[in-house]
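Chemist: One structure, pasted below without further comment.
The values are calculated or read from the model by the stated rules, or taken from the named source; none is laboratory data. Keep in mind the model is a prediction, meaning the values are calculated, not measured. Here the Cβ positions follow ideal geometry from the backbone for every residue, glycine too, while neighbour counts run over all protein chains shown. Remember, those area values only see protein heavy atoms, side chains included, never the ligands or the DNA or RNA. Shrake-Rupley method; radii C 1.70, N 1.55, O 1.52, S 1.80 Å.
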Amino acid sequence: MTKKTCVRCKHTYPASVEFFPRGPGMADGLASYCKPCKRVLSADWRKANRERHRELCRMWSAAKGVEYKAYSAMLARCTSVTHANYHHYGGRGISVCQRWLESFDNFLADMGKRPSSAHTLERVDNNGNYEPSNCTWATQKAQANNTRRTRWLTYLGRTQTLVAWCEELG
C-alpha cells in the first residue's frame, strides 16, 4: 500500500480515505492533511474567523431564502427514511413530483416567493403528493384546519371544520 505524509504533522499514513479526507484537485484524490489535522485546522479556522463564518452562513441562507428551506425540508420528509417525520410523509406514500425533484428553481417557479413570514408550504389534499396543483403557501391557522385530524361538519347544507363553525356561530 502506498504511503502519504501529512503536511502539517509530518506523520506518514497509508494513502487511503480512512486516514486522509477526499481533496479536490489532488493527484491521488486525497487531501494533504490527515483527518485529525484537518479537524484541528477546521476548528481553528472557525474559531479565528467566527464572525466571518457566521456572516458566510447568513449570506448563504439569505441567498437561498426561506423558500429553499421549505423545499429542502419537503424533500427530506418525503425521501429520507432517517428523517424524524418520514413515517408521516414518504412512509405514507407521499412523494414529490419529478419536476421539483429535478431542481429548486422549478419549485420556486411553480410556487413563487412566500407571501409573508406567516406562510409555510401546505398540501391542499393531505393525502396527495407535493406537486404544483396540490401545494400552496398557507398560514399556520389555515394549516391547522387542514390536517388528518380535522373534524368536518355539515350544517344547513354547508360543510366546514368544527373550528370554523365555532368561530362563525360562537
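Chemist: Starting from residues that are at pLDDT 80 or above and hydroxyl-bearing (Ser, Thr, Tyr), keep the ones in the range 134-161 and report whichever is farthest from Asp110 (Cα to Cα).
Modeler: Taking the candidates together, the pick is Tyr155.
Chemist: Considering only the range 126-166, state which residues are under 23 Å from Gly112 (Cβ atoms) and open to solvent by 80 Å² or more (accessible area, probe 1.4 Å).
Modeler: Those that are under 23 Å from Gly112 (Cβ atoms) and open to solvent by 80 Å² or more (accessible area, probe 1.4 Å): Ser133, Gln140, Lys141.
Quick grid of which residues meet (1) touching a Lys or Arg at 6+ places or on another chain (Cβ under 9 Å); (2) polar (S, T, N, Q); (3) at pLDDT below 70; (4) more than 30 Å from Gly91 (Cβ to Cβ):
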residue	(1), (2), (3), (4)
Phe20	yes, no, yes, yes
Asp44	no, no, no, yes
Asn49	no, yes, no, yes
Cys57	no, no, yes, yes
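Chemist: I need every pair where a residue in the range 72-89 that is closer than 18 Å to Asn126 by Cβ and of a type in the set (Lys, Arg) has its Cβ under 6 Å from the Cβ of a residue that is outside any helix (DSSP H, G or I) and open to solvent by 40 Å² or more (accessible area, probe 1.4 Å), sequence separation at least 6 or different chains.
Modeler: Final answer for the pair search is Arg77/His83; Arg77/Asn85; Arg77/Tyr89.
Chemist: Select, from Thr79, Thr2, the only residue that is open to solvent by 80 Å² or more (accessible area, probe 1.4 Å), touching a helix residue (DSSP H, G or I) at 6+ places or on another chain (Cβ under 7 Å) and modelled with pLDDT of 70 or more.
Modeler: Thr79
Chemist: Check every one of the helices (runs of 4 or more DSSP H) wholly within the range 104-170 and list those with 2 or more residues that are within 20 Å of Ile94 (Cβ to Cβ).
Modeler: Because the criterion is at least 2 residues that are within 20 Å of Ile94 (Cβ to Cβ), the helices (runs of 4 or more DSSP H) in the range 104-170 that meet it are 104-111, 140-144.
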